[in-house]
Amino acid sequence: MLKQRVITALVLLALLLPALFAANPWPFMGLTVILIAAGAWEWGRLNGMPTWLAWSGAFICLLACGAAAQFGWVQRTPPMVWLMAGALWVLLGAWMIQRGVAGWALWPQGLRWAVGLLLLTLAWLAMAQAHQRGVNFLLSVLVLVWAADVFAYFFGRAFGGRWIKTKLAASISPGKSWEGVLGGMLGVLLVAVIWAALDRRWSLPDLSLYSLLFAKGWFVALPALLFMSAMSVVGDLVESLVKRSAGMKDSSGLLPGHGGVLDRVDALLPALPLAMMLVFWI
């Protein structure tokens, strides 16, 4: 299993890193839209759609992302789109976690499928626009999510259940604890402070998300970073809930050793559009 995980990770890095740093944005946009389309196919399967509809979902995502690029939304998305995407994630995430697995199953199947395709398309659009703002900006968003995940894992292993006996979401993801969430938030704050300091030291041409938030003051940056960390957890929990509803351990086996695409990007799905919302509306 470990060998598979390493090989898969190396292959993905070999494909994504050259595209990420290429002068032309199209290789990166092309590779990421393929991954999002694969996620759309997985989403159809998780929601019990027939095979042809699961593949149709992937094609719809490709068309939607292509249309967004054609209309110039990658370069300039209407700010209201990000505000609506943020509101959707906050409200939908809160509702799903509060109602649990049983509540999700009550939604009409077609509505569940359509909402997922919309959120996947918005995540790709946010990633493409973040890339347009600069590699430093995009990486700062990605690392925020990874830092929240890594710190949450180690804090949860070390302190889970010691301070707060109530589980975070026992029926959805029994292994997650409030201590892990708090540890993830501390990790995000630590990364943000260090990254912003490096931005100033190296005078990079494109600012990170952290520098943009700190420029507004600590009273803005602190709650914004805590909010982003919390919403990355929401993305993880939402995917776990949908998998439990479907009775599946992984979203697919497309990435040997890692599960599926959605298993790797679940926390990024809310974080990317929310990062763009903060940039445009704060």
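The values are calculated or read from the model by the stated rules, or taken from the named source; none is laboratory data. It should be emphasised that the depicted structure is a prediction, and the values quoted were computed from it without experimental measurement. FYI the Cβ positions are ideal-geometry reconstructions off the backbone, even for glycines, and counts take in every protein chain you see.
Of all the residues in the range 244-282, those that are closer than 19 Å to Gly103 by Cβ and modelled with pLDDT under 95 number 6. For the criterion of being free of Cβ contacts under 8 Å to residues at least 40 places away in the same chain and either closer than 25 Å to Pro25 by Cβ or assigned to a helix (DSSP H, G or I) (or both), Trp107 fails. Evaluating Trp95 against the criteria (1) of a type in the set (A, V, I, L, M, F, W, C); (2) without any contact (Cβ under 8 Å) to a residue 40 or more places away in the chain; (3) under 28 Å from Leu13 (Cβ atoms); (4) in contact with a Gly (Cβ under 8 Å, 6 or more places away or on another chain) leaves one unmet condition, (3). The set of residues from the range 169-207 being over 19 Å from Met231 (Cα atoms), small (Gly, Ala, Ser) and outside any helix (DSSP H, G or I) comprises just one member, Ser203.
For Ala85, the conditions (1) within 14 Å of Ala126 (Cα to Cα); (2) surrounded by 11 or more Cβ atoms within 10 Å (Cβ to Cβ); (3) among the small types (Gly, Ala, Ser); (4) over 20 Å from the mean Cα position of the chain (by Cα) are fulfilled apart from (4). If we keep just the residues of the range 199-211 that are of a type in the set (A, V, I, L, M, F, W, C) and modelled with pLDDT under 95, which is surrounded by the fewest Cβ atoms within 10 Å (Cβ to Cβ)? In this case the residue turns out to be Trp202. Inspect the range 59-67 for any residue being among the aliphatic types (A, V, I, L, M) and not in a helix (DSSP H, G or I) and give the result as yes or no. No: zero hits.
Looking across the range 147-168, the residues that are surrounded by 13 or more Cβ atoms within 10 Å (Cβ to Cβ), of a type outside the set (Gly, Ala, Ser) and not in a helix (DSSP H, G or I) come down to Ile164, Lys167, Leu168. Contact map, the range 4-27: residues that are free of Cβ contacts under 8 Å to residues at least 12 places away in the same chain paired with residues that are small (Gly, Ala, Ser) and surrounded by 11 or more Cβ atoms within 10 Å (Cβ to Cβ), Cβ distance under 6 Å, separation 6+ or inter-chain. Pairs shown: Pro27/Ala19. Of all residues in the range 149-189, exactly one satisfies the criterion of being over 22 Å from Glu239 (Cα atoms) and touching a residue at least 40 places away in the same chain (Cβ under 8 Å), namely Gly187. Within the option set Val101, Val115, being among the aliphatic types (A, V, I, L, M) and either surrounded by 16 or more Cβ atoms within 10 Å (Cβ to Cβ) or in contact with a helix residue (DSSP H, G or I) (Cβ under 6 Å, 6 or more places away or on another chain) (or both) holds for one residue only, Val101.
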